[in-house]
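Everything on this sheet refers to the single structure shown next.
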Amino acid sequence: MHRSALKRSNGGTKIIITTIMGIAFGFFIGISISSTHLNKISLLSRVGNSFDVPTAEIERLSAEVDRSPAVIDESSGTKPLEALASIRLPKINVPTNPSGTESLPPGIVVSESDLYLRRLWGDPSEDLKKKPKYLVTFTVGYDQRHNINAAVKKFSDDFAILLFHYDGRTSEWDQFEWSKKAIHVSARKQTKWWYAKRFLHPDIVSAYEYIFIWDEDLGVEHFNADKYINLVKKHGLEISQPGLEPNNGLTWEMTKRRGDREVHKVTEERPGWCSDPHLPPCAAFVEIMAPVFSREAWRCVWHMIQNDLVHGWGLDFALKRCVQQPAHEKIGVVDSQWIVHQVIPSLGRQGEADNGKEPGDAVKARCRSEWAMFQARLVDADKAYLEGLKRAKG
């Protein structure tokens, strides 16, 4: 019995030793595989985790891709392109890609763009000597060219200039040297919010930290754009505007310049105008005349702009939804860099008589109507959202 127990003990020991040697052998074989091959397998597995493709087939495809030319040689015509096109990859499906691009490998997907002007020649990496950090847009008519010229001079080369032309006149602006480097978009009798919805998609302007969406009738004698940006950053403003010099163009107390401070975020309005001192128009409020948006705030605001409501009335009261709460800490007026509203109804004159109203009056009637429509849509959207929450919990 003693010898039998000893034999069983020796047998168990041999099994343990054999197992350990097998594990060690497998480990050394594993680390001997080329890291390049491992990277390829990992990449293709991540990209094509929905294909049912054996590892051997992935290896074969990787080798075929490696053999394809990486550079197009002018002297070889289209052969390299033909060689690249002839590679038959398995079906790609990357759910994390932007919608509609699931069939592309992630490395070729470019989901955002910019408004940088580029050359038609040379190396693309050398196109831009300097990338503007901010974007300024004016919706203009040629009659206001001298006012816009004065305004543009207040912005350094850190700012890209984009003009939206509502009168169709663009080439005449080249009398100003800066205009030759600006971006011009023209559509007759359209407002800045019509343009913004169609040409300032957040993925197009994502390269810019702040976006100015300004009217054309602003006096900027006391305004410096670089100083303005510094103050916006200092006070943590996601949505802002310069203070307005009190004159006949002032509508709201909130936007009136205060001479004793850099920035203000709250005010006192007329009795009964504010149900809460931290809600519009007493706080968390700027006008649509000269707003400035951070990149993050603009992504939200753009989605709130309605395609058919072109004047933007009512939008200012809803901006608080597009910043971190409490909103009155993130929205404010910069007092020490102020502007003057000159109240020139240039675009208003582009209207037409309607139902017995003069062109200017017809435009104002449309503005008031849009305000009511926007408010109604927002209330309906809130109700539908709350009803959805109730159903989900019910």
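Cα extents of the range 342-394 along the three principal axes, largest first, in whole Å?
53, 29, 11
Just how large is the dipole of the range 170-318 about the Cα centre, in debye to the nearest 20, putting +1 at every Lys and Arg Cβ and -1 at every Asp and Glu Cβ? Mind showing how you got there, number by number?
On the way: 18 positive and 22 negative charges, 59 e Å.
Result for the range 170-318 is approximately 280 debye, rounded to the nearest 20.
Would you mind computing Rg(Cα) / (2.2 N^0.38 Å) for the range 236-317, counting N as its residues? Numbers along the way, then the final one.
Details: Rg = 13.3 Å, N = 82, 2.2 N^0.38 = 11.7 Å.
The value comes to 1.13.
To the nearest 0.05, what FRET efficiency results for Val379 and His201 with a Förster distance of 45 Å applied to their C-beta separation? Numbers along the way, then the final one.
Details: r = 26 Å, r/R0 = 0.59.
For Val379 and His201, the calculated efficiency is 0.95.
Just the Cα atoms of the range 301-394: what Rg and Dmax do they give in Å?
Answer for the range 301-394, Rg first and Dmax second: 17.9, 55 Å.
Can you list the HN-Hα couplings for the range 334-344, worked out from phi with the Karplus curve (6.51, -1.76, 1.60; θ = phi - 60°), rounded to whole Hz and with x for Gly and Pro?
Result, rounded to whole Hz: 8, 7, 7, 10, 10, 10, 10, 7, 7, 6, 10.
Report, by chain and number, residues whose modeled amide H sits under 5 Å from the one on Ser186, excluding near sequence neighbours (fewer than 5 apart, same chain).
Under 5 Å from the amide H of Ser186 lie the amide H atoms of His165, each far enough along the sequence or on another chain.
Heavy atoms only, probe 1.4 Å: what % of the accessible area of the range 108-183 goes to carbon and sulfur, would you let me know?
49 percent
Suppose we look only past 19 Å in the calculated P(r) of the range 127-277. What percent of the Cα-Cα pairs does that tail hold? Intermediate results must be reported in sequence, preceding the final value.
Numbers: 6758 of 11325 pairs.
The calculated P(r) of the range 127-277 puts 60 percent of pairs beyond 19 Å.
Give me a comma-separated list of calculated 3J(HN,Hα) values for the range 225-242, in order, Karplus coefficients 6.51, -1.76, 1.60 applied at θ = phi - 60°, integers in Hz, x for any Gly or Pro.
Listing the rounded values in order: 5, 5, 5, 4, 4, 4, 6, 4, 5, 4, 9, x, 8, 8, 10, 8, 7, x Hz.
Kindly provide the Kirkwood hydrodynamic radius of the range 238-394 in Å, to one decimal, from all pairs of distinct alpha carbon atoms. Don't skip to the end; give the middle numbers.
Working: mean 1/r = 0.0580 Å⁻¹.
Its Kirkwood hydrodynamic radius stands at 17.2 Å.
Would you kindly calculate the translational diffusion coefficient of the range 117-181, applying Stokes-Einstein with the Kirkwood radius from alpha carbon pairs, for 20 °C and a viscosity of 1.002 mPa s, and quote it in µm² s⁻¹ without decimals?
Details: Rh = 13.2 Å.
Once the numbers are plugged in, D ends up at 163 µm²/s.
Give me the base-10 log of I(q)/I(0) for the range 136-220 at each q in 0.22 Å⁻¹, Debye formula, one uniform scatterer per Cα, rounded to two decimals.
Result of the Debye calculation: -1.13.
Considering only protein heavy atoms, what per residue accessible area in square angstrom results for the range 190-318 with a 1.4 angstrom probe? Intermediate results must be reported in sequence, preceding the final value.
Details: 5160 Å² over 129 residues.
With the other protein chains kept in place, the range 190-318 gives 40 Å² per residue.
Taking θ as phi - 60°, what are the ³J(HN,Hα) couplings along the range 285-299 by the Karplus curve (6.51, -1.76, 1.60), each to the nearest whole Hz, with x for Gly and Pro?
These are the phi-based 3J(HN,Hα) values: 8, 9, 7, 7, 5, 8, x, 10, 10, 6, 4, 5, 5, 5, 4 Hz.
Place the peptides 196-209, 233-246 in order of packing, highest mean first, counting for every residue the other Cβ atoms within 10 Å and averaging per peptide.
Working: 196-209: 18.1, 233-246: 20.4.
Descending packing order for the listed peptides: 233-246, 196-209.
What residues qualify as long-range amide H neighbours of His341, i.e. H under 5 Å apart, gap of 5 or more or another chain, H built at 1.01 Å from N?
The list, which skips near neighbours in sequence, is Gly219, Glu245.
What lysines does Lys393 reach when the alpha-carbon gap must be under 27 Å and sequence neighbours fewer than 8 apart in one chain are set aside?
Lys383
The values are calculated or read from the model by the stated rules, or taken from the named source; none is laboratory data. A quick note: this is a predicted structure, and the numbers were derived from the prediction, not measured. Positions of Cβ are generated from backbone atoms using ideal geometry, with glycine treated the same way; all protein chains shown enter the neighbour counts. We work out accessible area using only protein heavy atoms, side chains counted, and drop any ligands, DNA or RNA first. Shrake-Rupley method; radii C 1.70, N 1.55, O 1.52, S 1.80 Å.
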